[in-house]
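The values are calculated or read from the model by the stated rules, or taken from the named source; none is laboratory data. Here the structure is a predicted model, which means the values were calculated and not measured. Reconstructed Cβ throughout: ideal geometry from the backbone, glycine too, with neighbour counts over all protein chains shown.
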């Protein structure tokens, strides 16, 4: 490691390290975006099917078309079902919270009226 003699050397090194950090962050983001794209249900099934049939990605065949339709239908059904469950859970939580708040506020009002 070189000996630092001037403040400009420190600033230059900081700038170099910042550029390196930004480049690494960009590579990481690109890698993450690619991974997310590859793991989408339709893309994942298409890639796996391509591995078994050794079909090129650009070509569309009957089997891959059926798999795409099936994956789209399945993911739509699953997300709809999950959405309903989440909505029901949230609504139940809100109802319980509102009941607790009513009880708590009712107790405080009762205490204030007694004193």
Verdict on residue 55 being in contact with a helix residue (DSSP H, G or I) (Cβ under 9 Å, 6 or more places away or on another chain), under 30 Å from residue 79 (Cα atoms), at pLDDT below 90 and assigned to a loop (DSSP other than H, G, I, E, B):
yes
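Residue check: is residue 84 modelled with pLDDT of 80 or more and either surrounded by 10 or more Cβ atoms within 10 Å (Cβ to Cβ) or in contact with a strand residue (DSSP E or B) (Cβ under 9 Å, 6 or more places away or on another chain) (or both)? Even if it seems obvious, please write down each step before you answer.
Values: modelled with pLDDT of 80 or more: yes; either surrounded by 10 or more Cβ atoms within 10 Å (Cβ to Cβ) or in contact with a strand residue (DSSP E or B) (Cβ under 9 Å, 6 or more places away or on another chain) (or both): yes.
The answer is yes for residue 84.
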